[in-house]
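Please read the structure below before turning to the comments.
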Amino acid sequence: MGAVTETAGPYATAPTLAEFNAGLGVESWAARTRCAACTSTAIDRFSRIRQIHYDRCAECGFVFANPMPTDAVLADFYNSAFYNNYRVLEEQTIAAEPYFSVSAYRDLRELATWIEADRAAAILDYGCGPGSFLALLRDEFGFANVEGLELNLHSAEVARRCYGLELAPDVGALHQQSYDVIVLFETIEHLSDPDEVVATCARLLSPCGVLFVTTPSVRNIPARRFPSHCVHYTGPSHVSLFTEQALERLLSRHGLRIRRLETDANTEVLGSYLARPFYDLDFSSPRGAGDADDRLYRPTALGRALKLQPARTPGPLLGQAAKLDTFAAKALRKLFGRAYSDHLYAMAGRA
Ligand SMILES: [Zn+2]
């Protein structure tokens, strides 16, 4: 069992996500009545996960925190010790693995091959974290005109120190009026108003420009049926969760059409819901080098009675059950195709 180690070195002591959320004043946040992806008002109550209420659009499957955290809550969260520990991990790992990004689900070099623009193209990475993808494009792919936007000041520091990149803290500070490629990697799910940011990106795109979006997908069985144990619902960080249809609807409302779409298949049927009687799923930020997987299984009352300890992975018995679950997911995929996705990769251009 992967025991949770004590905080060491530059990592700050931080509450778990459930502990952080217990202090949120959810009641005072404003409720939304419309889907930010497709504008439908057919909104269903979905689930309450670690204090955050999520609703789901009946038309496009978009899932969003409702009420939505305020800007002040989000600013607090993104400047918290919980969040900064990921940035510390990134900086430490970059020393050994130069283009490491803790949030990347696919190899960044593979994603770089999606960009077919010429080498003089102006590229903007919106929400670029420490700028790993930009540095990779510049250093290994020959794109000289790269720029990044990042709200987190710690990430901007890392970008400066590790890659010599000066990031813009907001849209007003960008150096150019228009970009040939805009990247939104693992960013859109963090936005309280994805509609506004896609509108900004559409405005900043050159006439033949492309918008490259990657984000988790909630079109799969664990995300729909067992959300309390699905790793994508990490509010207040993930507050806007997409399906293929939701992403397509949002982009099309801003004059953008998806030209290339790939998905990572979902590999589980029940996922870690198997652990539900014994553990609640929580998250704790990195506590040391190599601690990039932030899941934290916290024993339930039954788990505590069985003397289970908080751990990064549930125990060996559940490990065996998880193997069976993965096998079942593979069998379902063979029978029904790749209908259920865990992650989306979309390249869009003007319709
Ligand atoms: Zn919708």
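Of note:
- Förster radius 56 Å - calculated FRET efficiency between Val26 and Ala144, Cβ distance, rounded to 0.05: 0.75
- The residue among Thr13, Gly129, Ser28 whose Cα reaches farthest toward the positive pole of the charge dipole of the chain, with charges on the beta-carbon of Lys, Arg, Asp and Glu, is Ser28.
- Based on protein heavy atoms only, the stretch 284-351 ends up with 57 Å² per residue of surface accessible to a 1.4 Å probe.
- The chain - share of DSSP beta bridges that are antiparallel (%, nearest 5): 70
- Extension reserve of the Asp264-Asn79 stretch, reckoned as 0.36 nm per residue once the Cα distance is removed: 63.5 nm
- Working note: Karplus 6.51/-1.76/1.60 with θ = phi - 60° gives the stretch 339-351 the couplings 6, 10, 10, 10, 8, 10, 9, 10, 10, 10, x, 5, 5 Hz, where Gly and Pro are set to x.
- Tensor-based shape of the stretch 271-336 (alpha-carbon gyration tensor, a/c under 1.5 rounded, otherwise prolate or oblate): oblate
- A Förster radius of 56 Å, combined with the Cβ-Cβ distance separating Ala12 from Asp118, puts the computed FRET efficiency at roughly 0.80.
- Two-decimal Rg to Rh for the chain - Kirkwood Rh, Cα set: 0.95
- Inter-label distance, nm, simple model (7 Å from Cα along the C-beta direction), Lys330/Glu97: 2.4
- Cβ charges +1 (Lys, Arg) and -1 (Asp, Glu), total dipole of the stretch 260-308, debye: 320
- Leu205 long-range amide H proximity, modeled H, under 5 Å: Tyr179
- DSSP H segments from the chain that extend 20 Å or more along their own axis, Cα-based, with Kyte-Doolittle mean of 0.0 or above: 316-336
- Contact order normalised by residue count of the stretch 271-336, Cα under 8 Å, 6+ apart, percent: 30
- Counting only protein heavy atoms and a probe of 1.4 Å, the accessible surface of the stretch 1-154 is 51% carbon and sulfur.
- Under the shape rule built on the C-alpha gyration tensor, where the axes satisfy a ≥ b ≥ c, the stretch 161-278 is prolate, since a/c reaches at least 1.5 and a/b is greater than b/c.
- In a fully extended conformation the segment linking Ala351 and Ala305 would gain 10.7 nm over its present Cα-Cα distance, using 0.36 nm per residue.
- Carbon/sulfur fraction of accessible area - the stretch 271-336, other protein chains in place, 1.4 Å, %: 65
- The stretch 93-225: C-alpha gyration tensor shape, a/c 1.5 cut-off, then a/b vs b/c: rounded
The values are calculated or read from the model by the stated rules, or taken from the named source; none is laboratory data. Remember, predicted model here, so these are calculated numbers, not experimental data. A quick note on method: Cβ atoms are made from the backbone with ideal geometry, for glycine too, and the neighbour counts reach across all protein chains shown. Note: accessible area is taken over every heavy atom of the protein model, side chains too, but ligands, DNA and RNA are not part of it. Shrake-Rupley method; radii C 1.70, N 1.55, O 1.52, S 1.80 Å.
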